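This report refers to the structure that appears directly beneath it.
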Amino acid sequence: MNQDSESSPPLPPDTPEGELTRLRAENTILRGQLGQSVRLKQETLQLNHRLEQELTRFGVMQTLIQKSVVATTIEEFAPMVCESMIDLLECGAAVYWCLNEASPLEKRFYQSGLGAVPDSVLRELHRWTPRAEDSNSLEECPAAHLVSLSAAFGLADRFLFELIRDSSGCPLAVILSGNTPRQSGFQPEGDDSAVTVFKTFAKQVEALIISIQRNQTIKIQSETIRTSGECLTAALASCNVGLWDWDLSSDRVHYSDQWKVQLGLAVDDVGDSPDEWTSRLHPDEREHALKITKLCMVTPNGSFDLTLRMRTKDRRWVWINTRGYNLLKSDGTDMRMIGTHIDVTASKTMESRLIRAESKQRLAKEQAERENLAKSSFLAAVSHEIRTPLNGILGIFQMLRLREEMERDQMLKLLEMGESSGMWMLKIIGESLDIARIEAGKIELNPEIVDLHVLLDDLIALNVKRAAELRLEFRHKIVPGVPRWVRVDGGRLRQILVNLLNNAFKFTREGFVSLEVRADDFRSESHCNLHFYVVDSGIGISRSFSRVIFQSFTQAISKSQSSEHGIGVGLTITKELVGLMGGEIGFSSKLAQGSCFKVVLPIEDLPLPTSTSGPCEHPKNWKFEGVVLVVDDDEISGEIAKLILGALGLEVDLAKNGLLGLELATAKRYDMVLMDCWMPAMSGIEATVKLRGCATALSKDSPVLALTANARKSDAAACREAGMNDVITKPLLLENLREMLKRYLPGCRAS
Amino acid sequence: MDVSPFCENSDKHPDMLNFSSASARVVNSRRAIAECLEIAGGSHSFKCDLLMIHASVGHHFSDLAAEAKLLAPEAWVVGASCCGVIGREGASETMRDIAIMAVSGKELSAAHVNGIFGHNSRGKARELALRLKQNLPAVNVVYFMAPGIDIANDECIAAIEEVLGPEVTIFGATSADNMSGQTSYQIFNGEVYEHSAWLVGFADPDLEVITAASHGFVAVGEPLVVTKADGHRIIELNGKPAWQEYTRHLGFEPASSCRHTIPVGALAEELAAARATEYGNPHILRVVTSREEDGTMHYATTVREGTRLWLTVRDESRIFEDLDRMTSRIVALAGGRAPVAVFHADCLARGRHLFNRILKEELVSRMQAPFRNADLTPPWIGIYGFGEFARLGGKNEYHNYTTAICALYQNTRCDLPNP
């Protein structure tokens, strides 16, 4: 045994005991060497373990770095630091103590493994925390004081703390680590490597905080950029502005989503080649566009502004305004063009419409000017047309005054000429009024039962005479089947046919004029279409004039070239009247050969009346009996009426206004009252109302006929509503007057 | 919920125990528990009936115990401090490691006794066993956790066997610190203790248990003779103060601590020939976990005067060979079945202080590989403690410096005798 070899005296080596002693000694040496070897091996293991521990610590730091990537605030970062410190140093407690600018230490800290830190410790630690401008380090705190601080912290030993500063050296935080008494026994003695590790760790934390601060700055800036980007994107989207960015060095183009949307393309439909743009250009504009962009491409700071058509995904063409700007610098750097891309199809369409509207406006203006000119011509014509018969009438009266004793034949001729001139004037006035009514949309029809055959016979008789005077042939034919009794505005029908026949005679120097009337085969029980043909062998209608023949104030031959009367509204009125009757008018013509006008009118075909209670034939020499009151403020009109009525056998009283007329009609019984409508003191309407309402008036129930120049239907209705029996339109024509007298004076007789 | 494929046998009895495990390295002790429960059960609030925790001594054990009780209020919560843990994820020996085994089922129970030391180990262990038996009469396997310092483990085994019967398999470990020999902690139902023991019992008739241990050390030189002893305390070796003599032979100064001696100071006791054959080594190892000022050493078991103790050296090739032999034997006994769970106890001296990381990982990998099923390691909880409990030669035994495995298998009970 060991103790034996150590305590026994040495023995000679050549004896067995000596040999045993020697062997024991060698065994002792060998055991010592073995123990040494084991210890060395263990130390090697410990070193190895240290190395592994360092690697582990590296891993802990690495983990902290990775975790800190997601930490955006100190509140998130500080607990990570504490836990890493504990893991790294295998200590019992760790604190991350935030500092602020005003006070180096604030009572905000993050800890792991510790209980609450007493205020006294905070105050104590405060002493050793440098101000921002102070370069003193916490390490200068005396070791003995550290021990007392450790105890105050509730730590046993290895109280480590380090100041963390930002990149400008400003203190940010204090980190502390240490062992609680409970854990201190688990730590290996004399292991100073923790201090080095702690300092390294503190540096790492410092770097991470700076990184976090930078990240925060970057995040804020990124957020600002993102917000700005979103605003820009929203603004561009709301303005429908696309963008493109052409990297000339790589020949790649970035097209914004809005660029694609404007062409109806999906985001994935478009690559990054310039061809995406050029291939969609309209062929008519591609060459020009490429020329302009190439020029811009080689011009530093060059720009272009093009509006061109581009094809959309659904193969429509849209107008795009594209503007480009070359960022190429004079030194050849930044080879890039950027630009905008705006769909201007709507504004282009608007522009086209505007142009068309302007064109229409111009045409309308020209038309208005033409019409104005035509109206001026019309007024001139009216003036001429009125002055001409007026000249005749006045001339006749002057002749009558000069030749007091004129022969009867000569006087009758003059009177006939005067009547003709008056009728001419009446026609012109009538046409002028009709045109006015047409333009005002006020023209109206007065359908009545008409003997169509009588109407046509009168017309034929008139034109036979006229043709003879003009040495023309007048052909006429009423085809069997044309109904006799029809409901139609006879006056207007007559006006239509007269206008057509007048024109025919007007423009026919030789040959014929014809009128043919037929009813078509397609007739119902009560309706049929009447076809009127007015044909002549006159001068015909030119192609250019045929386009405006129904327009007002147009004549095929100017006044200066024509000896015929007229103001150029006849066919306008005719067409309007035909339309009003639900019919149609058309014509065909050949220059120098003649014209054919055709009118088709739907007519109500009435059964033959059982008694002919309609208009009766009146001999022109009918005489009447009775007393008539004529109320008219116009002295001439009153006197003419008095003369005509007197000539027809009637006794006449005159009153100059409605009031006087009412007084006379109240005081005296008249067989008839002819009442002008527009008069001073009291209108004819009012006077009639009062007369009808005055129970004591002697003429209360006498027929009252309106004698008015207002020929409108509404005027007539107003007269009837006031109590008048009928309306006689000025000028007072003998034939019309006779008809009215026959109707309202019972005692008429043929003389 | 149980995510372990080892707990999803379709033909298992509905009352059969379910096991799931997890391990992690987390500084925050409360979060460590929560994370492990999430890994093990898919949710930190999943229900279990037993939660076994092994945690490195750097953890805040009060937090661990409180959080475990909070998250598993209806479960038995048992735990121990250690130098490191081994889980399905491998081994780790930092100050903030944790491993858990969560067990669900009715046929289990746990008991606890406080104030257990070397001098009262027998009585306290008996009391502990009685408490368990009262809760779970039909217990057939127990996991025993005793404090690693100042404990007579052989007395504990004897006391448990007295109560539960020698046929009951005792597996387990002794709690430890980081090999500094200062103290060790035990957790039982939300409380933390330093000198307590707990016993978890399983009474699932569908479970079969196989345990084994191996160390791979070689005894060298002349033995040290115990010349004065008291229970588990060795007062003198070779007639000299034990600690001085021990460190002298190791080449350390007497002022050295157990931190220095444990890695290299394994003491070997002779084994009977029959047991030596199963063990693959003629010696069983013992550790000195602490010392007193007068040089008295705390031995792991009761030691008698005249006992010869050899110093040892580790033989890496033997360590690997013995490990392979041990796992092969377990696999053979299992008859091709995959275990439903493995409880593992390893000596802290076989951890980072004995092997470098590469060798240690290789060792753990070779240990777990035979138990894998479809490349998945079964629920696994391992502890780097001061000592290990595993059967040897058909008897329950306390070991040091070994790797001890307790593999649980589902029924089809094999007829092979339990070693």
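Can you tell me which residue within segment A:254-271, out of those that are loosely packed, with under 15 Cβ neighbours inside 10 Å and not small (Gly, Ala, Ser), is nearest to A:Ile338 (Cα to Cα)?
Of everything passing the filter in segment A:254-271, A:His254 is nearest to A:Ile338 (Cα to Cα).
Out of B:Arg259, B:Arg275, B:Arg233, I need the residue that is within 11 Å of another protein chain (Cβ to nearest Cβ) and within 26 Å of the chain's Cα centre (by Cα). Which one?
B:Arg259
Output the residues belonging to segment B:231-253 that are in contact (Cβ under 8 Å) with a residue 60 or more places away in the chain and over 20 Å from A:Arg24 (Cα atoms).
B:Gly231, B:His232, B:Arg233, B:Ile234, B:Ile235 - these are the residues of segment B:231-253 that are in contact (Cβ under 8 Å) with a residue 60 or more places away in the chain and over 20 Å from A:Arg24 (Cα atoms).
Would you check if there is a residue in segment A:302-312 being surrounded by 16 or more Cβ atoms within 10 Å (Cβ to Cβ), modelled with pLDDT under 90 and touching a strand residue (DSSP E or B) at 6+ places or on another chain (Cβ under 8 Å)?
yes
In the list A:Ile443, A:Ile449, which residue meets the criterion of being closer than 29 Å to A:Leu606 by Cα, buried (at least 18 other Cβ atoms within 10 Å of the Cβ) and within 54 Å of the chain's Cα centre (by Cα)?
After ruling out the rest, the residue left standing is A:Ile443.
Tell me, which residue of segment A:519-578 that is basic (Lys, Arg) and more than 25 Å from A:Ala440 (Cα to Cα) is modelled with the lowest pLDDT?
Checked segment A:519-578; the qualifying residue modelled with the lowest pLDDT is A:Lys559.
Please verify whether segment B:303-317 includes one or more residues that are at pLDDT below 90, within 20 Å of B:His215 (Cβ to Cβ) and touching a Gly at 6+ places or on another chain (Cβ under 7 Å).
Yes: segment B:303-317 contains one or more residues that are at pLDDT below 90, within 20 Å of B:His215 (Cβ to Cβ) and touching a Gly at 6+ places or on another chain (Cβ under 7 Å).
Within segment A:440-457, track down each residue that is free of Cβ contacts under 8 Å to residues at least 12 places away in the same chain and either part of a helix (DSSP H, G or I) or within 27 Å of A:Phe507 (Cβ to Cβ) (or both).
Residues satisfying the conditions are A:Ala440, A:Val454, A:Asp457.
I'm told A:Glu52 meets every condition in (1) surrounded by 20 or more Cβ atoms within 10 Å (Cβ to Cβ); (2) at pLDDT below 80; (3) of a type outside the set (Val, Ile, Thr); (4) in a helix (DSSP H, G or I) except one. Can you identify the failing condition by its number?
(1)
Check segment B:188-209 and report whether any residue there is touching a helix residue (DSSP H, G or I) at 6+ places or on another chain (Cβ under 6 Å), crowded, with 24+ Cβ neighbours inside 10 Å and not in a strand (DSSP E or B).
no
For the condition modelled with pLDDT of 90 or more and among the charged types (D, E, K, R), what is the one hit in A:Arg252, A:Arg214, A:Arg226?
Among A:Arg252, A:Arg214, A:Arg226, only A:Arg252 is modelled with pLDDT of 90 or more and among the charged types (D, E, K, R).
Where residues in segment B:68-124 are closer than 22 Å to B:Asp154 by Cβ and out of contact with any strand residue (DSSP E or B) (no Cβ under 9 Å at 6 or more places or on another chain), which of them is surrounded by the fewest Cβ atoms within 10 Å (Cβ to Cβ)?
Ranking the candidates gives B:Gly123 first.
Is it the case that some residue within segment B:354-363 is within 29 Å of B:Pro205 (Cα to Cα) and of a type outside the set (Gly, Ala, Ser)?
No, every residue in segment B:354-363 fails to be within 29 Å of B:Pro205 (Cα to Cα) and of a type outside the set (Gly, Ala, Ser).
Hey, among the residues in segment A:31-68 that are within 12 Å of chain B (Cβ to nearest Cβ), hydrophobic (A, V, I, L, M, F, W, C) and out of contact with any Asp or Glu (no Cβ under 7 Å at 6 or more places or on another chain), which one's farthest from A:Val81 (Cα to Cα)?
The extreme case among them is A:Leu34.
Do we have A:Thr28 as β-branched (Val, Ile, Thr), surrounded by 14 or more Cβ atoms within 10 Å (Cβ to Cβ) and either over 60 Å from the mean Cα position of the chain (by Cα) or at the interface with chain B (Cβ under 10 Å from one of its Cβ atoms) (or both) here?
Yes; evaluated as a whole, the condition is true for this residue.
If I ask for residues that are in contact (Cβ under 8 Å) with a residue 40 or more places away in the chain and closer than 20 Å to A:Ala461 by Cα, which ones from segment A:483-496 would you list?
A:Pro483, A:Arg484, A:Trp485, A:Gly490, A:Gly491, A:Arg492, A:Leu493, A:Gln495, A:Ile496
Inspect segment B:120-127 for any residue being within 19 Å of the chain's Cα centre (by Cα), outside any helix (DSSP H, G or I) and of a type outside the set (Lys, Arg) and give the result as yes or no.
no
Test each condition in (1) farther than 30 Å from A:Asp166 by Cβ; (2) hydrophobic (A, V, I, L, M, F, W, C); (3) crowded, with 16+ Cβ neighbours inside 10 Å; (4) out of contact with any strand residue (DSSP E or B) (no Cβ under 8 Å at 6 or more places or on another chain) for A:Cys231 and report the one that comes out false.
All conditions pass for A:Cys231, except number (3).
Please work out which one of (1) touching a helix residue (DSSP H, G or I) at 6+ places or on another chain (Cβ under 6 Å); (2) under 23 Å from A:Thr349 (Cα atoms) is the condition A:Arg311 fails and give its number.
If we test A:Arg311 against (1) touching a helix residue (DSSP H, G or I) at 6+ places or on another chain (Cβ under 6 Å); (2) under 23 Å from A:Thr349 (Cα atoms), just (1) comes out false.
Looking at B:Ala176, B:Ala110 in this structure, which one is of a type in the set (Gly, Ala, Ser) and either part of a helix (DSSP H, G or I) or in contact with a Gly (Cβ under 6 Å, 6 or more places away or on another chain) (or both)?
So the residue among B:Ala176, B:Ala110 that is of a type in the set (Gly, Ala, Ser) and either part of a helix (DSSP H, G or I) or in contact with a Gly (Cβ under 6 Å, 6 or more places away or on another chain) (or both) is B:Ala176.
Limited to segment B:27-72, what total is found for residues that are among the small types (Gly, Ala, Ser), farther than 22 Å from A:Glu83 by Cα and in a helix (DSSP H, G or I)?
Total meeting the criteria: 2.
Name the residue that is nearest to A:Gly32 (Cα to Cα), counting only residues in segment B:297-318 that are in contact with a helix residue (DSSP H, G or I) (Cβ under 7 Å, 6 or more places away or on another chain) and buried (at least 19 other Cβ atoms within 10 Å of the Cβ).
Across segment B:297-318, the extreme among qualifying residues is B:Leu311.
Is it the case, given these coordinates, that B:Val209 is within 14 Å of another protein chain (Cβ to nearest Cβ) and of a type in the set (Val, Ile, Thr)?
No, not satisfied.
Based on what the data block shows, is A:Asp305 touching a Gly at 6+ places or on another chain (Cβ under 9 Å) and part of a loop (DSSP other than H, G, I, E, B)?
no
Could you please find all residues in segment B:237-256 being assigned to a helix (DSSP H, G or I), closer than 19 Å to A:Gln36 by Cβ and more than 8 Å from chain A (Cβ to nearest Cβ)?
The answer is B:Gln244, B:Glu245, B:Tyr246, B:Thr247, B:Arg248.
Only one of these is part of a helix (DSSP H, G or I) and not aromatic (Phe, Trp, Tyr): B:Ala212, B:Ala159. Name it.
Exactly one of B:Ala212, B:Ala159 is part of a helix (DSSP H, G or I) and not aromatic (Phe, Trp, Tyr), namely B:Ala159.
Taking the residues in segment B:212-225 that are within 14 Å of chain A (Cβ to nearest Cβ) and at pLDDT 90 or above as candidates, determine which candidate is nearest to B:Leu132 (Cα to Cα).
Here the answer is B:Phe217.
The values are calculated or read from the model by the stated rules, or taken from the named source; none is laboratory data. Everything quoted here is computed from the prediction, not taken from an experiment. Neighbour counts are summed over all protein chains in view; Cβ atoms, including those assigned to glycine, are modelled from backbone coordinates with ideal geometry.
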